Every structure is written in structure tokens, then in C-alpha cells.
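Only one structure is covered here, and it is reproduced in the block below.
No lab work stands behind these numbers, since they all come straight from the coordinates. Computed from a predicted structure; not experimentally measured. Reconstructed Cβ throughout: ideal geometry from the backbone, glycine too, with neighbour counts over all protein chains shown.
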Amino acid sequence: MAEFLVSSGWNANLAQIVASVLGAVVLASFGLVWIIFSIWLERKFAGRVQDRLGPNRTGPYGLFQTFADVGKLLIKEDITPEGADKHIYNFAPILAVAGIIAIFAVIPFNHVWVGADLNVGVLYFVAVGSLATLAILLAGWSSNNKYALLGAFRAIAALVSYEVPMMLSLAVPVLLAGSMSMQDIVKGQSIAYIFVVPVSALIFFISQLAEVGRSPFDLIEAESEIIAGFNIEYSGMKFAMFYAAEFIHAFVICVLTAILFLGGWRGLGAGEPGYELFGFLMVMMKSVAVYALVMLIRNTLPRIRIDHMMAFNWKFLVPLSLVNLLVVMFLARPFVPDYAAAEAAVAAGGLAGLFGSIFGSGFIAELPRAVVLLVANVIMFAAATQLLHRYGETQRAKLGVKDVQPVRATAMASD
Amino acid sequence: MQPEFGQWAIFGLFTVFIIGGGIGTVSSRNLFHSALWLIISLFGVAGFFVLLAAPFLAAIQVLVYIGAIVILIIFAIMLTRRLMGLREAVNSQWLYGLIGALITFGVIALGLVLASSGNTPLLASQPLSDITGDSLRDLGVALVDLNQYVLPFIVASVLLEAAMVGAIVIAREDE
């Protein structure tokens, strides 16, 4: 892009700036346009889960429903409540969207499409994510509404506590790849990290769900308790911006999970030069697969009570992620993959050569570490679930519940 | 190669952020607004770190100061309703504050003057865009290298650990 402008007679610096700005605009627009589709997807999915059709009147398969909603929100009255802190009240929705969109800057969509391959990419997205927290706090406080403030309190409490296991689980892919750059983490995944450290992936996914405030952690806007939470006073397009921010964030966590644990743009030869678009499709396919899981959880799990949510975090997730990090640290160290040696072994032929020609030499290099860590993870997972099981039993004994019968689908049908 | 115009422009922008945010912090009558001005100021500092080719420190600045400390301050302000009603611009300690600020300013200014008058130039003649190498890796190695900063690093960790234990002990209810 910049080269093209220079060749057509532009100043080199100016061309660089214009190219950078255009890149940022394209990236941000992608996020904003994508949610128009993802809101439709979410509604359609919720409809199917709840045994109904979902939107089906506006356009083919109801695809234009979101556009109709945008139109509706645009022409709604823009209300600022009395006693609200006007500047902060108006600034909060902007910060909410901007904070989430900024995460896209470090996401590698394939081996070349990445906004800025920072060597602190992982830290960057955590830092930028904290801006979104701030936006919620500002919105809740400036609305001059007690429900809004309560919602903001809950949001901050949840975000601050779930940041701990998130950071601890994030350290694991950083440790395995030996880099904080998103691109290097993807490149280090000849074996996707979900097969190497599934416990970390699970902790990351859960804490991200809490960070977005998705069900079952949607206490920020628990309708039955605090009406709508922090955005209760917002109307029209400002409300829509919070709505958009939430949807983009929900998708971003899926993209991040796909990149950090599912191998990003790798897979089926997508990493080779000349397959840029395929790499992009790979990321999107993996992300949508994770998104389907998020939607399924949202539509099937009831909301967790606020104290349970905190107890679950501090008494279970944090210790588990600490143990997990320690185990990975000790076990990964002796098995740092030696890519050069693996390549030589593959070139030498034999059994290694056979497998290497099928899976690639990176796979061979990472195999020993992957096996060791996977075994350790399975043991940890078994121990953790056993602990949870015991805890549940003691709690039930305390409450005097004798026998818990699972609800049977057949019993429901006979009613 | 001289620093380019763009670099100067961005430096100026962040300077405005820092100084403007600082003035806003101390002059705002609303404590909540003060905290928000503080965020702008700290954000400017993060921008400086980026200009100094230290993206790691920039990310940490945003993460720790904006993401944790200011949020904590705001939380404390929100929980103590009485503080929100403050309308006086100065309190009884303004004189001590002024003296402290002047001393701090004097020390920093003196340090800058002394540093620039010696043989070592204050401003590196080498433009930052020419600095190569992985500063993040250098930082990581320096923190665990026995010949460099491993001792201060460990001491700082122990101090933080002690602070954490202390916080738990203080917050803990008597049994």
C-alpha cells in the first residue's frame, strides 16, 4: 500500500501515515461490520436452542433484522438523565467500543495480516481490555442512577478478580512459545496448545467469559436483580454502542482463544505462503466454533449468584491456575522443542521422516513436550474435578440434601 | 538522522497529555474528575515509553496504573460518598504540599542541569528508531542474570510478597 503511493509520486512519510491510517480503519470496520452478522447469528442460534425460528421476516433468513434494529436505534431519542455527569456520560460509550476495537490491532489473521505484531502483544490486549473496564465504571457512575452504579460495582468486582486466573493462564502459552508476540505464539503451535495444556485453555475461556459478562456470568446486567446494570440510562445509539462493544468483545475472546490455544491460522497447510486468505478463513472458522460454544452456554446455563461467582474464582480458579502454571513451568523446561534437530531427523528419513512428512518437522519437535504436559494436565483435571465433587457432596450434606436425582428428559416429556 | 517531525509532534501531544492531565488532577473540584484526569496523565507517560522504544513498560504502565491503581482509587472514591461533595480547591495542608512540590521540582531540575553539563550528553544523539535488538528479551535476561539485577529483583519480589501477606493479615477477621 505504502509502496504503491510512493510509486505514484507521494512523499514517503505521508504515504506511510496514510497507509497506516487506512489499515487501522479497515481493521476497525471489520470488527464493526462483523457484529452485524454476529448479532444475527446469535439470534438465530438462540432461536434454534429455544425451539423457535429466530428472525425470519426481514430479508432472506432474517439477515437484515440487525439493519432494521440499527435504524430503530438511530432515530430513538437521545436522553441524558438529569444530574448526570454529561462529558463522562457521553465519553463512556466511545471508550467502551474503542477499547475493544483496539484489541484487533494485535490479532494475527494470518502470517502476514496483523495490525501490529508487538513483542508484548499478550500484555497489550490485557492492558487495553482494562480500558473497557474503565468505560463500564464511567458509564455506571456518570448516569447518576443507583442500579447503574450497582451494575458497575459488580462489573469491576468481577473483572478485577477474574483477571488473576486469566493472567496466570495466559502465562502458559507465553511460556510454551517463549514469546509474548501473538504471531510467535501461533507459530509455536505445530501442535495446538489446547491438546498440550487443556486446563489453561479452559481457565482462560472461563475467565474471559466472566470478563465479557456473558452468561453464566452476566451479573453486570442481571435483569431480575438490577434491571439493566450500568447501561440502564443510556438510550438510542449510545446504548447501541455498549451493545456493540459487548458483542465485539464476545467475539474477540473467541478469536483470542482460537489464536492462543487452537493454533490460530495454522492447520491444513494454511501457514504456507500463497494461502493468506485460507489462513484468515481458518482463524474465522475456529473463532466461530468457539463462538458457538459461547452461545450454547449463554442459552442453556442459568446465571450464577454473585457470591458464588467470587468464591468460584478465588477458591477454585486461582489456586488451580497457580498450580497449573507451576506444573507447566517445571515440566516444559526440560522439553524445549529443538526445531533444527527435528528438521535434521526428518531429513534423515526413517520413522521420524515418515511422520515428519505427514505432520511437519515442527510437530516432531513439539511432540515430547506435548505428551508430557497432556498427561500432567489430565491428572490435574481429574484431581480438580474430584475436589469439586467432594466439595459439592459436603455442601449437600450440610444442607441435608440426601439424594440428588438428575432431571430426566423422559420425565419432562411425560408431564 | 535527526528525530523526525512526526516524532516531535507525538512527543508534544503526549507532553500536553501529561501536563494537562496533571493540572486537571490538582485543579479539579470533583475528586472523581481528578482521578480521570490522572488517567490521561498516566496515559501520556505510557506514550512516552512507546516513544522510548520500551513497549513492555508502556503496556505495564497502562495495565498497572490505569487498569489497577486508578480503578482502585475510583473505587475508593465511589465507596466514600462524603468525599464526592468536596468543593474547596485547597485544604489546610496546601503549604506543605507546595514546599514538597518545589523541592521535588528543584531536585529533578538540578539533576537535569548537572547531567547535561558533564561529559555525557543528556540527550542521546542516536535516534530511537535506530535502536535495534529485542529490548524485551534484554530486560528479561537482565532480571535473572547473576551479574545484573537478580538481587534487586528478588528483593522486590520478597517485599511484594510480604505486602500481600500483610494485606491478608490486616483484612482478616479475628477468629
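Among the residues of A:123-130, the average count of other protein chain beta-carbon atoms within 10 Å of the residue beta-carbon is 6. Taking other C-beta atoms within 10 Å as the exposure proxy, A:M180, A:M309 rank A:M309, A:M180 from fewest upward.
A simple packing score, the average count of other Cβ atoms within 10 Å per residue, orders the peptides A:290-303, A:247-260, B:95-108 as A:247-260, A:290-303, B:95-108, with the highest score first. Averaged across the residues of A:151-157, what count of C-beta atoms belonging to other chains lies within 10 Å of each residue's C-beta? Across A:151-157, the average partner-chain Cβ count within 10 Å equals 2. With the helix formula -39500 (n - 2.57) applied to DSSP H stretches of n ≥ 4, chain A reaches a computed 222 nm mean residue ellipticity of -23500 deg cm²/dmol. Between the residues B:A156, B:I168, B:L143, the greatest Cα displacement towards the positive end of the dipole of segment B:134-175, with unit charges on the Cβ of Lys, Arg, Asp and Glu, is found for B:L143. Averaged over the residues of peptide B:51-58, the number of Cβ atoms from other protein chains lying within 10 Å of each residue's Cβ is 3. As a proxy for reagent exposure, ranking A:Y234, A:Y147 by other Cβ atoms within 10 Å from fewest up yields A:Y147, A:Y234.
With both labels modelled 7 Å from their Cα along Cα-to-Cβ, the A:K146 to A:D307 distance reads 2.1 nm.
Sorted on the mean count of surrounding Cβ atoms within 10 Å across their residues, most packed first, peptides B:148-154, A:236-242 read A:236-242, B:148-154. Summed over all non-identical Cα pairs, the Kirkwood treatment of segment A:59-217 gives a radius of 18.1 Å. Neighbour counts of other Cβ atoms within 10 Å put A:S169, A:S287 in the fewest-to-most order A:S287, A:S169. Per residue, the average separation of C-alpha pairs within less than 8 Å and at least 6 apart gives chain A a relative contact order of 17 percent. Of the peptides A:384-394, A:324-334, the order by per-residue mean of other Cβ atoms within 10 Å, starting with the highest, comes out as A:324-334, A:384-394. Under 22 Å of direct C-alpha separation, and excluding same-chain neighbours fewer than eight residues apart, A:K398 reaches these lysines: A:K315. Converting phi to 3J(HN,Hα) with the Karplus coefficients 6.51, -1.76 and 1.60 and the offset θ = phi - 60°, segment B:139-149 yields 4, x, 5, 4, 6, 10, 6, 4, 7, 10, 10 Hz in sequence order, with x at every glycine or proline. Distance between the pseudo-spin-label points of A:A344 and A:M285 (7 Å out from Cα toward the beta carbon): 3.6 nm.
Long hydrophobic helices in chain A: the complete DSSP H runs spanning 30 Å or more by Cα along their own axis with mean Kyte-Doolittle hydropathy of at least 0.5 are A:12-49, A:121-142, A:146-177, A:236-261, A:276-300, A:361-399. Across every pair of non-identical alpha carbons in chain A, the mean reciprocal distance, once inverted, gives a Kirkwood radius of 23.7 Å. Under 26 Å of direct C-alpha separation, and excluding same-chain neighbours fewer than eight residues apart, A:K187 reaches these lysines: A:K286.
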